[in-house]
Amino acid sequence: MDEDVRRGLSEGEVAGTRYRLTAMRQTPAGRVGMHLGHRVGNSIEFMDYREYKPGDDLRRVDWSVYARSDRLTVKLYREEVSPHLDLLVDASRSMAVTASPKARASAALAAALSTAAGNAKFTHALYQAGDRVTPVQGGAGRPGGWQGLDFAGREGLDAALRQSPPAWRRRGTRVVISDLLFETKPLPVVQQLGRDAAGLCIVQLLGQCDVTPPARGNLRLVDSETGQVREIYIDAAAEKRYLQKLQNHHDAWYSACRQVGATLVQLIAEPLLASWDLSPLVEAGVLQVK
Amino acid sequence: MPLLTLPIAMIALAALPALASIYWLRNRYRRQEVSSLLLWGGQREAREGGGRFSRLQTPLLLLLELLAILLLAVAAAGPRVQALAERQSIVVVLDGSYSMQAEHDPRGQAIEALRKQLASGGKYSAQLILADANPHLLGPPTTRPDETVEQAQGWDTHAGSADLAGAITMAYELGGPRAKILVLTDHPYPDELGAGQLQWWSFGEAKPNLAITSAVRNVAGEGERVMVEVTNLGTASAHTTLTFAGDQSRSFDIAAAASHRLWLDLRASDQPFVAQLPDDALAIDNRAVLLPQPRPSLRVGVAIDDDALQESVVRFVEHAKNATLVTDGEQLLITDRPTGVPASSAAWVLRVISEPQAEVSAYIGPFVVDRSHPLTVGTSFDRVIWSAGSDDALPGRPVVMVGNVPLVTEAPRALGREVRLRVRPDQSSLMQSPDFPILLWNLVDWQLGTLPGLRKTNYRLDSTARLGVAGTLEQVNVLPEDAAPRAVPVVSDGVQITADRVGLTQVQAGERSYTFAVNTMSYEESDLRAAGTSRAGSWLDEATVRDEYRSIAWLLLLLTLVLLGLHTALISRSGGLS
């Protein structure tokens, strides 16, 4: 693992101690027992009544109500859940583009989130999406023990998900960290990410180089993933077009997230690493300050 | 071919790379890695900025600007082209000396250079002058390069020297003040040669050369003695081997610029003596051929009454190697008698006229001597007391006079010649002075020279061989070893033959045949150390440029304006991009 990435892990772990992962808008699902969920479950804490439906557990029928009203009524209890965080880091080469600390920031953010998840008694698992989606060795433990997180994938996140869909925990909380700079229709990707998830947050982590067009003049642009080259002349109009496209791209992902009920947060790597201000995640309800 | 009257203005061409650099720096593509090209798609189709449109425009605009600068620079340099005028008169002087036979073939190189020069120019009329010892035209004027080159193939390079100055003078006379003169040789022009009528192209190479620079074959007693001088015309000492007489050889070292002489005593022979050096930069001077010298002897009869005079004459004849005293059948009769030789005799007569005492005066000079006459070679008559008659009438052409009194005259006879010597031997010191035997020797030598045959058999290249011819022959045929035969007219019982071919030359005079040998032996021509390749001079003097060339600067400026107009139009069309 790159030394820069490892340094990011350390920084993120420290930064994450100030936060706690929250349950997201959707009811989180997980192992029964540790937290009360928003859904009906099998805990001992009473929640509500409702009319019996075939298939309901007869042990839940409130016979005293039946005696009083001659109606079969079942008692509903809050379910107990053991929340889990699935972290997916986009490990494609675009995250390690030259002259941008996106890779370090991605690792750091993942570390911060995993630490915050630990603070909230969440279990967690870390996956990286290179050419395929694979679990990171030691990804369930502390960030210092993560092994094999590298940013060498040549495929976009969508292609990796299609290639090898991860075995995520059902009804777990999922956070995806990616620059989202790959050409695809966002909605199917977000739908796939959010399927059976209690909550989904997509963190679009960009570099300063992504949000600020290069200096004016002739440029030979090289795609960090495909190696493709394009020679263009940058002027004010080109800058404007680029920023507009970036905004449109973000809007498309935002729209997809809204449709699926996911959260989209955009962060910039450089200021993130400089100040560790995770307030956008706090505002989005992903994190809570301890 | 256009010429530039102010070539320094071409320095403006430095703006070309400067402009190209500006374009290059401006249009250089900086390499930058980006996360994805996703957001850069569609820029190509952009009308303004960010696309390839400006990039495609750049080379055309740059090309127009470069062309404009180029045209301006050339226009500033004052370009002129040759006007379509009358044929240019060109006179080419070809160095005919044998140094042009050097192994790197300067003659061939010069002909090729001449062909290129003529082919690249306009219309012309060329005359070729071969500069050997006697410069002469090679043929009629030619107007086409192939004709001129064909005529130049007759460029003979066997001369022992080249009278380039005489040939150039001849070229000026032939071509006139507007002719262009081109000298093709192997030695660079010694000084600076500016613009004018003359160009001097040399095609030589400075190389060391060993040459036989002198060779003599003489009679020595019963045998012969040969001297061969070998000179090292190089900058370092050399070792060489001289092969002679078929199978003999001598090896020796020669310091740089030094000579080595070999003296060889040989048995008398009629065969040619050949000395040969190994091949080097110049082959022609490595060989010397020497024929045995002829040993002519004139039969001299003496019929003198004066005892003292007779004693002097007989003593001379007995000691002279080229005279034999005879009593009958003489070719030269020396007498002090008024008669004695019939008019039908072809013998020459030296008649000593001793006049009566009453008419005699003693002269001590100054004596008027015809120095061009063969009788007076080597005479001085200094401090001679010459007693003779004072009558100014003596038949024949005066050779020696004192005042208006002829002392020695000569005149042709019917078949011979008569020399009259007016002197009183008993009252003169002439017979005791060195001038008297000199006078006699000159007379014998003169007469021997008029006898049929060659006086000498070995000549230096370009010297003149004299062949005496008897009878009424009008011409003789000269047959050199490696050249075409030629006829030479007989002039007053003799033929002057230029020894212009190295080797043996046979002369056919009627029924008789004679042979003489010719050797190079020219230190200057064999010396290649100063040879070199260069081109000096220019035909483009001010007057030539003014008269024969027209300026085309206006045309270039016009083209520049057109280009700039096109440039402006392109910029306007592309919305101000450049």
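Please treat every number below as a calculation from the coordinates, not as lab data. Note that the structure is a prediction, hence the values are computed from the model and not measured. Cβ atoms come from the backbone with ideal geometry, glycine included; neighbour counts cover every protein chain shown.
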- Per DSSP H run of at least 4 residues, take -39500 (n - 2.57); add these up for the protein assembly as shown, divide by its residues and hand me the 222 nm value, nearest 500 deg cm²/dmol. -8000 deg cm²/dmol
- Message: Of A:LEU180, A:VAL229, B:ASN232, which is farthest towards the positive pole of the protein assembly as shown's charge dipole, taken about the Cα centre with +1 and -1 on the beta-carbons of Lys, Arg and Asp, Glu respectively?
- Response: A:LEU180
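Based on the Cβ-Cβ distance of B:TYR523 and B:SER551, what FRET efficiency does E = 1/(1 + (r/R0)^6) give at R0 = 51 Å, to the nearest 0.05?
Values: r = 52 Å, r/R0 = 1.01.
Rounded to the nearest 0.05, the efficiency is 0.50.
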- Once you charge only the Cβ atoms, +1 for Lys and Arg and -1 for Asp and Glu, what is the size of the charge dipole of region B:407-492 about its Cα centre, to the nearest 20 debye? 200
- Item | Farthest toward positive dipole pole in chain B [+1 Lys/Arg, -1 Asp/Glu at C-beta], among B:SER99, B:GLN432, B:GLY175 | B:GLY175
- Given springs between every Cα pair under 10 Å in a Gaussian network model of chain A, which of A:ALA140, A:ALA236, A:ALA67 has the largest fluctuation? A:ALA67
- Query: Can you list the lysines whose alpha carbon sits under 16 Å from that of B:LYS456, skipping same-chain ones fewer than 8 residues off?
  - Reply: B:LYS321
- Message: If I take every Cα pair under 8 Å that is 6 or more residues apart in region A:186-290, average their sequence separation and divide by the length, what percent do I get for the relative contact order?
- Response: 37
- So how tilted is helix B:106-120 from the main axis of chain B? Cα-based, degrees 0 to 90, rounded to 10. 50
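Could you tell me which of the pairs B:LYS116/B:LYS207; A:LYS75/A:LYS121; A:LYS121/A:LYS245; A:LYS102/A:LYS290; A:LYS185/A:LYS240 are separated by over 32 angstrom between their Cα atoms in the structure shown? Mind dumping the intermediate values first?
On the way: B:LYS116/B:LYS207 27 Å; A:LYS75/A:LYS121 29 Å; A:LYS121/A:LYS245 40 Å; A:LYS102/A:LYS290 26 Å; A:LYS185/A:LYS240 23 Å.
Beyond 32 Å between Cα atoms: A:LYS121/A:LYS245.
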- Roughly what would the spin-label model give for A:LEU76 and A:GLN192, points 7 Å off Cα along C-beta, in nm? 3.5
- The answer for B:THR324, listing residues at least 5 apart or on another chain whose modeled amide H is closer than 5 Å to its amide H, is B:LEU298, B:ARG299, B:VAL300
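List the relative contact order of chain B as a percent without decimals, with contacts defined as Cα pairs under 8 Å and 6+ residues apart. Please list the in-between numbers first.
Numbers: 1219 pairs, mean separation 91.9, N = 578.
Over chain B, the number comes to 16 percent.
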- Sum of side-chain charges, B:LYS116 neighbourhood, beta-carbon under 15 Å (Lys, Arg +1; Asp, Glu -1): +1
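If the only charges are +1 at each Lys and Arg Cβ and -1 at each Asp and Glu Cβ, what is the size of the charge dipole of region B:263-365 around the Cα centre, to the nearest 20 debye? Let's see the in-between values first.
Values: 8 positive and 15 negative charges, 55 e Å.
So the dipole magnitude of region B:263-365 works out to roughly 260 debye.
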- Task: Enter the angle in degrees (range 0 to 90, nearest 10) between the Cα long axis of helix B:53-76 and the first principal axis of the Cα atoms of chain B, meaning the one along which they spread out most.
- Result: 30
- Query: Taking θ as phi - 60°, what are the ³J(HN,Hα) couplings along region B:419-424 by the Karplus curve (6.51, -1.76, 1.60), each to the nearest whole Hz, with x for Gly and Pro?
  - Reply: 10, 10, 10, 9, 7, 9
- Assuming R0 = 51 Å, can you tell me the calculated FRET efficiency for the pair A:GLN228 and B:SER120, based on Cβ-Cβ distance, to the nearest 0.05? 0.40
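Averaged over its residues, how many other protein chain Cβ atoms are within 10 Å of peptide A:215-228's Cβ atoms?
Working: counts 2, 2, 5, 8, 7, 6, 10, 5, 7, 5, 4, 2, 1, 2.
Partner-chain Cβ atoms within 10 Å, mean over residues of A:215-228: 5.
For B:SER345 and B:LEU13 in the same chain, what is the full-extension length gain: residue separation times 0.36 nm, less their Cα-Cα distance, in nm?
Details: separation 332, 0.36 × 332 = 119.52 nm, distance 9.12 nm.
Fully extending the segment from B:SER345 to B:LEU13 adds 110.4 nm.
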- What whole number of Å gives the distance from the Cα centroid of region B:111-182 to the Cα centroid of region B:219-291? 37
- Could you run the Karplus curve 6.51 cos²θ - 1.76 cosθ + 1.60 with θ = phi - 60° over region B:197-214 and give me ³J(HN,Hα) per residue in whole Hz, x for Gly and Pro? 7, 9, 10, 10, 10, 10, 10, x, 9, 6, 9, x, 8, 9, 9, 7, 9, 7
- Would you kindly state how much longer the chain becomes between B:SER463 and B:ARG295 on full extension, computed as 0.36 nm times their sequence separation minus their alpha carbon distance, in nm to one decimal? 58.4 nm
- Item | Other-chain or far-sequence residues with amide H under 5 Å of B:GLN475's (modelled H) | B:VAL490
- Go through region B:463-473 residue by residue and turn each phi into a ³J(HN,Hα) via Karplus (6.51, -1.76, 1.60, θ = phi - 60°); whole Hz please, and just put x for glycine and proline. 7, 10, 8, 10, 10, x, 10, 9, x, 10, 4
- Note on the structure: Two pseudo-spin positions, 7 Å from Cα along C-beta at B:ASP156 and at B:ARG28, lie apart in nanometres by 7.0
- Distance between modelled label sites at A:SER279 and A:SER64, nm, 7 Å Cα→Cβ extension: 5.2
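Once you list every other residue whose beta carbon is under 11 Å from the beta carbon of A:SER94, what net charge do they have if Lys and Arg are +1 and Asp and Glu are -1?
Values: positive: A:ARG93, A:LYS102, A:ARG154; negative: A:ASP90, A:GLU155, A:ASP179, A:ASP210, A:ASP223, A:GLU225, B:GLU33.
Result for the local shell: -4.
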- Which residues qualify? For B:TRP348, with a placed amide H closer than 5 Å and at least 5 residues away or on another chain, they are B:LEU332, B:LEU333, B:ARG417
- Message: Under 8 Å for C-alpha pairs, at least 6 residues apart: give me the relative contact order for region B:208-359, rounded to a whole percent.
- Response: 18
- chain B, dipole about Cα centre (Lys/Arg Cβ +1, Asp/Glu Cβ -1), debye to the nearest 20: 3120
- Item | C-alpha center-to-center spacing [region A:101-168, region A:191-236] in angstrom | 20
